[in-house]
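Visitor: Structure in structure tokens, see below.
Read the figures in this text as sums done on the coordinates, not as results from a lab. What you see is a predicted model; the values in this text were computed from it and never measured. FYI the Cβ positions are ideal-geometry reconstructions off the backbone, even for glycines, and counts take in every protein chain you see.
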Amino acid sequence: MVTTPVLYTCALSRGLRATWAAEEAGVDIDLRMLPFPPRYLAPDYMALNPLGTVPLLVDADAQLTESCAIAHYLATRNGFTPLAIAPGEPDYAAYCDYTYHADATITFPQTVYMRFAIFEKDKGLVEAGQAYAKWFYKRLIKIEQRLEGREYLCADRFTVADICVGYALILAESVGLNDGVPESLKTYRARLMARPAYQRAVTREEDGRKALKVV
Ligand SMILES: N[C@@H](CCC(=O)N[C@@H](CS)C(=O)NCC(=O)O)C(=O)O
């Protein structure tokens, strides 16, 4: 393929899963940072993605709006890499499960917490937001048990499943959802954040945000 995929995102949003996967896989992406939330601060973006959400990956005629799907796509776009797990390989099923689990089950309650307990406090639903924080903590049980005796979620190696789940743990720390994160998951998170590709992805996104001159 000759085109360069274009990734639209906001710094340190779920799009970090995509930027991180691109860095891990060595895929060249055209990173376009937007102010958050784009639906208000970059209204032209709605023409590209009527959902108004980030990330959005545009690759020739393909448009992807799910961060975990984009991470998997980038890990396999230029040829299969060990960042993904192939059908027939051990832990293929677990790889699919944890990659989907990350946003649908783990980040979902985080988002509701952030909305009602942080961004829209004035709506009077802070208590509901806090209830979702508890729900988030309870839902960590599956990855906590999975990582007993393992460094990574699948196949004894770092994969996109770790990027997708790891981002939820990284987000937890930055939005005040760390108290109920078990120590074992904090250790796992630190292992992921020490990866050079993760650090390059963060630097790229933060540099992009600074260039926007909108915080
Ligand atoms: N399931 C989607 C969710 C995308 C999403 O909701 N992104 C948030 C940022 S992390 C967003 O764009 N919120 C702004 C809005 O909805 O206006 C994914 O994993 O990419």
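Visitor: For the stretch 89-175, what value does the Rg/Rh ratio take when both radii are computed over Cα atoms and Rh is the Kirkwood radius, given to two decimals? Don't jump to the answer; show the numbers that get you there.
Guide: Details: Rg = 14.5 Å, Rh = 13.7 Å.
My calculation of the ratio gives 1.06.
Visitor: Sort 12-18, 79-85, 119-125 by packing, meaning the average of other beta carbons within 10 Å per residue, with the highest value first. Before the final figure, lay out each step's value.
Guide: Working: 12-18: 26.0, 79-85: 16.7, 119-125: 11.4.
Going by the mean number of other Cβ atoms within 10 Å, highest first, we get 12-18, 79-85, 119-125.
Visitor: What does the helix-only formula give at 222 nm for the chain: each DSSP H stretch with n ≥ 4 adding -39500 (n - 2.57), the total divided by the residues, and the result rounded to the nearest 500 deg cm²/dmol? Working shown, then result.
Guide: On the way: 11 runs with 108 residues, N = 215.
Using -39500 (n - 2.57) per qualifying helix, the result is -14500 deg cm²/dmol.
Visitor: Over the Cα atoms of the chain, what radius of gyration and what Dmax do you get, in Å?
Guide: 17.0, 51
Visitor: Moving on to the next point. Pick from Thr111, Thr19, Thr187: which is most flexible by mean-square fluctuation in a GNM of the chain where alpha carbon atoms under 10 Å apart are linked?
Guide: With Cα springs under 10 Å in the chain, the top fluctuation among Thr111, Thr19, Thr187 is at Thr187.
Visitor: If the cut-off is a Cα-Cα distance under 16 Å, which aspartates and glutamates reach Lys142, setting aside same-chain residues fewer than 8 apart in sequence?
Guide: The reachable aspartates and glutamates, counting only those whose Cα sits under 16 Å from Lys142, are Asp91, Asp97, Asp103, Glu151, Asp162, Glu183.
Visitor: Return the sequence-ordered ³J(HN,Hα) values of the stretch 122-128 in whole Hz as given by the Karplus equation 6.51 cos²θ - 1.76 cosθ + 1.60 applied to θ = phi - 60°, using x for Gly and Pro.
Guide: Values, residue by residue: 5, 6, x, 10, 4, 4, 5 Hz.
Visitor: For Arg32, enumerate residues with amide H under 5 Å from its amide H, sequence gap 5+ or separate chain, H modeled in the peptide plane.
Guide: Under 5 Å from the amide H of Arg32 lie the amide H atoms of Leu7, Tyr8, Thr9, each far enough along the sequence or on another chain.
Visitor: Right, something else. What number comes out for the charge environment of Thr99, summing +1 per Lys or Arg and -1 per Asp or Glu over other residues with Cβ under 12 Å away? Display every interim value, and only then the final one.
Guide: On the way: positive: Arg17; negative: Glu66, Asp91, Asp97, Asp103, Asp162.
Around Thr99, the surrounding residues sum to -4.
Visitor: I would also like to ask the following. Length gain on complete extension for the stretch Glu183 to Glu89, per 0.36 nm per residue less the alpha carbon to alpha carbon distance?
Guide: Numbers: separation 94, 0.36 × 94 = 33.84 nm, distance 3.04 nm.
Using 0.36 nm per residue and subtracting the Cα-Cα distance, I get 30.8 nm.
Visitor: Applying the Karplus parametrisation 6.51 cos²θ - 1.76 cosθ + 1.60 with θ = phi - 60° to the phi angles of the stretch 32-39, what ³J(HN,Hα) value in whole Hz is obtained for each residue in order, glycine and proline being reported as x?
Guide: 10, 7, 10, x, 9, x, x, 4
Visitor: Could you go through the stretch 11-18 in sequence order and give the Karplus-derived ³J(HN,Hα) for each residue, using 6.51 cos²θ - 1.76 cosθ + 1.60 with θ = phi - 60°, rounded to whole Hz, and x for Gly and Pro?
Guide: Values, residue by residue: 3, 6, 7, 4, x, 4, 4, 6 Hz.
Visitor: Right, another one. Convex hull volume of the Cα atoms in the stretch 16-59, per residue, in Å³? Can you show the working numbers first?
Guide: Values: hull volume 3.2 nm³, N = 44.
Expressed per residue, the convex hull around the Cα atoms of the stretch 16-59 is 73 Å³.
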